[in-house]
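Have a look at the structure below, then the notes.
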Amino acid sequence: MVMEKKINKPIFLGLMILLSLNSPAKAEHLYKSYTVHNSGINSISVNHNGDTIFSVGNDNQIKITDLETGLNKATIKQNSPITALASSNDDNYYATAGSDGSVKIWDAKRNILVKEINIHLKPVTAVAFSPDGKYLISGSYDKTLQVWDIQNEQAMKKLEGHQSYPRDIKFSPDGNLMASCAGDDDAIKIWSTRDWQVKTVIKVKNTYFNTLSFSPDSSMLAVGGDDKSIKIYNANNNNLLKEINNQEGYISAVKFSQDNKYLFSGDSDKNIKVWNPKDWTLVKTFKSSSAINSLDSSYNGKYIISASSDKTIKIWKNRSLNNIFTKTPHQEQINSVIYSPDQKYIVSAGDDPFLSINSASDLNSERQIKDNSNGINSLAITKAGDLMISGGNNGTIKVWQTKNWKNISIFKESKSPIQAIAISPNDNNFVSGADDGKLKAWSLDKEKSINTMSFSEKIKALAYSNDGSVIAAGIGKKIIIWEASTWKQLASVEAHNSSILSLAFNLNDKKLVSSSEDGTVKVWNVNDMSTIKNFTNVGTVNHLVFSSNGKYLAGATKKDIKLWNTDKWTDMETISGHDGNVQTLSFSPDNRLLVSGGADKTIRLWELEY
């Protein structure tokens with residue numbers, strides 16, 4: 001590795017390129033696209049198993065499509081266009097609304113007609129099953145809602161009051177409420193399902209409501225309309241909680257994910273947007289090829305499914321990281337996790353007195369080793385995988401033999417906690433950083449210290465370049481870089497406004513990334529330590545790690561994992577899962593998996609699907 005320019009003072013930052021995460025770029029995560037109808041698609045529904053898509057359109061057909069393969073499972077032809085459909089929560093039935101005024105209930109397993117209901121005088125525009133599957137409600141151009149008792153096969157109640165036809169109907173997941181919206185009367189009616197009386201009416205002038213969705217906990221109601229806004233109401237008292245204005249097109253579909261982590265919206269300007277219900281920030285935007293008519297999502301929120309007038313069903317990958325295992329091998333906060341090079345096990349350590357050796361396939365703890373370091377802050381493993389080094393809160397550094405997990409060496413640095421450990425790529429040496437400001441280089445072969453430097457601030461981050469030629473340290477707000485063979489200082493940069501927490505070199509060693517308590521992540525050109533990217537408003541990132549192929553950078557933040565694409569340095573994903581701060585991350589050697597550890601005492605295994 002060659003350092004073309006050596007500097008020992010803060011560099012001029014005039015060339016800094018800022019990238020704000022508050023304005024997400026268009027995401028290109030189209031997973032599948034199927035042309036299943038001969039004309040525009042009006043409505044879609046995904047079963048709770050997440051393997052089947054039901055769709056209806058103006059071609060008078062019901063189509064049942066395999067989500068993964070796009071293969072047609074069944075086609076049912078009708079005599080008139082079908083305007084809407086809904087699936088029951090138990091996946092046993094689906095219902096269709098016909099322009100001929102009929103409502104039909106179908107057996108979802110056999111795709112045969114169970115019941116045809118003709119109680120409307122005009123075309124039916126919306127249908128919905130109650131969560132318990134006892135009732136089916138339909139809305140029509142006759143401006144009425146009809147409640148059908150499925151078990152007794154009889155009309156139960158006729159609901160009136162809308163001045164226009166209902167465009168959407170939704171039940172709250174707890175079954176206590178039903179909401180309906182009608183376009184021309186600018187009204188949302190919320191009904192009590194106990195007596196089918198109107199509980200309240202929400203009226204907003206010149207809105208022309210199109211779509212509704214209750215949050216999974218039944219506490220919020222999202223609505224969208226022709227005024228190009230999304231409105232979020234408290235479902236219990238109907239107070240307006242949030243209004244998201246100035247969208248590009250009229251809102252045709254809204255849908256909460258089942259885990260309540262996202263709200264999806266679709267509009268007439270071909271956009272599908274993903275919103276974070278915690279603060280209603282825009283997470284990402286997908287751009288489709290045609291106006292969005294209908295949206296649904298797989299039960300786990302992994303996929304968003306859209307339908308358009310261009311005859312296509314599109315499947316979008318909402319998540320690139322999917323949690324496949326969660327375990328609690330520790331009694332206290334986890335500070336470090338690391339994969340073995342052969343990908344057979346994951347080692348975790350934290351504030352409790354144990355090292356946990358966990359199976360890399362399912363995270364089951366295969367062995368726990370009691371340790372007297374008063375908690376471990378940092379783990380590092382040799383490329384050969386034969387040795388692992390731990391840094392403890394009591395100032396001790398221990399070398400472990402991985403074939404039998406025996407402690408074979410102890411290096412006593414000081415009484416100050418060891419915060420960072422980094423091993424040279426040739427496995428000969430390692431460096432350690434401590435709270436007392438001591439940076440030490442050690443020989444693994446000779447089992448002794450070969451260099452010591454003292455600083456006035458804590459050392460929380462250390463990294464070797466992949467070719468082993470340089471060492472970088474985060475010391476307070478500074479990044480300092482040395483030549484590894486001579487310890488000649490090559491660069492010193494006042495990098496952040498607060499303490500640096502993590503450092504990592506990319507695959508070809510041309511870039512170095514840093515995170516800080518100031519809420520920024522910066523990408524540096526190693527040759528002259530100029531800033532390439534500055535990710536602001538990220539929040540505190542406790543740990544940064546590159547995938548071994550260099551394509552991705554992952555960051556551990558407050559309850560979230562952030563993922564960046566290193567090709568264009570764009571934000572790819574923010575995934576929640578932990579119930580406390582995420583402290584540590586490690587990619588699997590084959591780049592397919594990511595393991596995380598946090599303050600909630602859990603380690604979680606995530607599958608990377610890109």
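The values are calculated or read from the model by the stated rules, or taken from the named source; none is laboratory data. Please read all numbers here as calculations on a predicted model, not as lab measurements. Note: ideal-geometry Cβ built from the backbone for every residue, glycine included; neighbour counts use all protein chains shown. Side chains are part of the model used for accessible areas, which takes the heavy atoms of the whole protein and leaves out ligands, DNA and RNA. Shrake-Rupley method; radii C 1.70, N 1.55, O 1.52, S 1.80 Å.
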Yes or no: I346 touching a residue at least 40 places away in the same chain (Cβ under 8 Å) and over 17 Å from N581 (Cα atoms)?
-> yes
Please indicate, with yes or no, whether at least one residue in the stretch 155-167 is in contact with a Gly (Cβ under 8 Å, 6 or more places away or on another chain) and aromatic (F, W, Y).
-> yes
Residues of the stretch 79-103 classified as of a type outside the set (S, T, Y) and without any contact (Cβ under 8 Å) to a residue 24 or more places away in the chain, total = 2
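For the stretch 100-130, name all the residues that are part of a loop (DSSP other than H, G, I, E, B) and open to solvent by 40 Å² or more (accessible area, probe 1.4 Å).
The initial filter retains those residues of the stretch 100-130 that are part of a loop (DSSP other than H, G, I, E, B), namely 100-102, 108-111, 118-123, 130.
D100, K109, R110, N118, I119, L121, K122, P123 - these are the residues of the stretch 100-130 that are part of a loop (DSSP other than H, G, I, E, B) and open to solvent by 40 Å² or more (accessible area, probe 1.4 Å).
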Are there any pairs with C-beta distances below 7 angstrom linking a residue in the stretch 575-592 that is over 18 Å from T328 (Cβ atoms) to a residue that is at pLDDT below 90 and open to solvent by less than 10 Å² (accessible area, probe 1.4 Å), with the two at least 6 apart or on different chains, and if so which?
-> I575/L321
In the stretch 309-325, what residues are over 13 Å from F286 (Cα atoms) and surrounded by fewer than 22 Cβ atoms within 10 Å (Cβ to Cβ)?
-> S309, D310, K311, T312, S320, N322, N323, I324, F325
Does at least one position in the stretch 523-546 carry a residue that is touching a His at 6+ places or on another chain (Cβ under 9 Å) and closer than 24 Å to S469 by Cα?
-> no
Taking the stretch 223-253 on its own, how many of its residues are open to solvent by less than 40 Å² (accessible area, probe 1.4 Å) and out of contact with any Pro (no Cβ under 9 Å at 6 or more places or on another chain)?
-> 16
Considering residues of the stretch 209-222 that are buried (at least 18 other Cβ atoms within 10 Å of the Cβ) and out of contact with any Phe, Trp or Tyr (no Cβ under 8 Å at 6 or more places or on another chain) only, the residue nearest to D186 (Cα to Cα) | F209
In the stretch 154-189, which residue that is surrounded by fewer than 20 Cβ atoms within 10 Å (Cβ to Cβ) and over 21 Å from K122 (Cα atoms) is nearest to the chain's Cα centre (by Cα)?
-> P173
So, of the residues in the stretch 453-486 that are over 34 Å from the mean Cα position of the chain (by Cα) and among the charged types (D, E, K, R), which turns out to be nearest to N525 (Cα to Cα)?
-> E483
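What residue, of L136, L113, L121, is within 38 Å of the chain's Cα centre (by Cα) and more than 16 Å from N42 (Cβ to Cβ)? First the steps, then the outcome.
Details: L113 fails: within 38 Å of the chain's Cα centre (by Cα); L121 fails: within 38 Å of the chain's Cα centre (by Cα).
So the residue among L136, L113, L121 that is within 38 Å of the chain's Cα centre (by Cα) and more than 16 Å from N42 (Cβ to Cβ) is L136.
Does the stretch 304-313 contain at least one residue that is touching a residue at least 24 places away in the same chain (Cβ under 8 Å) and basic (K, R)? Break it down into steps so the answer makes sense when it comes.
Pass one, the stretch 304-313, residues touching a residue at least 24 places away in the same chain (Cβ under 8 Å): 304-313.
Pick out the ones that are also basic (K, R) and you get 311.
Yes: one or more hits.
One line per residue, one yes/no per condition, for (1) on the phi > 0 side of the Ramachandran plot; (2) assigned to a strand (DSSP E or B); (3) out of contact with any strand residue (DSSP E or B) (no Cβ under 8 Å at 6 or more places or on another chain):
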position: V274; (1), (2), (3): no, yes, no
position: D279; (1), (2), (3): no, no, yes
position: V283; (1), (2), (3): no, yes, no
position: S294; (1), (2), (3): no, yes, no
position: N300; (1), (2), (3): no, no, no
position: I305; (1), (2), (3): no, yes, no
position: I315; (1), (2), (3): no, yes, no
position: N323; (1), (2), (3): no, yes, no
Among the residues of the stretch 425-443, the number that are open to solvent by 20 Å² or more (accessible area, probe 1.4 Å) and either out of contact with any strand residue (DSSP E or B) (no Cβ under 7 Å at 6 or more places or on another chain) or part of a loop (DSSP other than H, G, I, E, B) (or both) is 6
In the stretch 359-395, the residues that are at pLDDT below 95, within 16 Å of S588 (Cα to Cα) and polar (S, T, N, Q) = S359, S361
Taking the stretch 392-418 and keeping only residues that are touching a residue at least 40 places away in the same chain (Cβ under 8 Å) and under 16 Å from I369 (Cα atoms), one is left with I397, V399, W400, T402, W405
Within the stretch 590-600, the count of residues that are over 16 Å from A504 (Cβ atoms) and open to solvent by 10 Å² or more (accessible area, probe 1.4 Å) comes to 5
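Going by what's in this entry, would I389 be described as open to solvent by less than 10 Å² (accessible area, probe 1.4 Å), closer than 20 Å to I369 by Cα, in contact with a Gly (Cβ under 6 Å, 6 or more places away or on another chain) and assigned to a strand (DSSP E or B)?
On the way: open to solvent by less than 10 Å² (accessible area, probe 1.4 Å): yes; closer than 20 Å to I369 by Cα: yes; in contact with a Gly (Cβ under 6 Å, 6 or more places away or on another chain): no; assigned to a strand (DSSP E or B): yes.
In short, no.
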Inspect all residues belonging to the stretch 402-413 and state whether any of them is of a type in the set (V, I, T), part of a loop (DSSP other than H, G, I, E, B) and over 16 Å from W482 (Cβ atoms).
-> yes
Sort out which residues of the stretch 561-589 are open to solvent by 30 Å² or more (accessible area, probe 1.4 Å) and either touching a Ser or Thr at 6+ places or on another chain (Cβ under 6 Å) or modelled with pLDDT of 90 or more (or both), and write them in order of number.
-> N581, Q583, P589
Which condition number in (1) crowded, with 22+ Cβ neighbours inside 10 Å; (2) under 18 Å from L544 (Cβ atoms) is the one that I480 fails?
-> (1)
Close pairs (7 angstrom Cβ cut-off, 6 or more residues apart or separate chains): in contact (Cβ under 8 Å) with a residue 60 or more places away in the chain in the stretch 267-295, assigned to a strand (DSSP E or B) and surrounded by fewer than 17 Cβ atoms within 10 Å (Cβ to Cβ) anywhere = V283/N276; T285/K26; K287/K26
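For the stretch 192-248, give me each residue that is on the phi > 0 side of the Ramachandran plot and in contact with a Ser or Thr (Cβ under 8 Å, 6 or more places away or on another chain). Outline the logic, then answer.
In the first step, residues of the stretch 192-248 are kept if they are on the phi > 0 side of the Ramachandran plot; the result is 196, 206, 208, 218, 228, 238, 246.
Scanning the stretch 192-248 gives S218, N238, N246.
Looking only at residues in the stretch 47-66 that are in contact (Cβ under 8 Å) with a residue 60 or more places away in the chain and in a loop (DSSP other than H, G, I, E, B), which one is most open to solvent (accessible area, probe 1.4 Å)? Break it down into steps so the answer makes sense when it comes.
Taking the stretch 47-66 as the starting set, the residues that turn out to be in contact (Cβ under 8 Å) with a residue 60 or more places away in the chain are 47-50, 53, 55, 57, 65.
Okay, now just the ones that are also in a loop (DSSP other than H, G, I, E, B), so 47-50.
On the way: N47: 17, H48: 62, N49: 120, G50: 20 Å².
Residue satisfying both the conditions and the ranking: N49.
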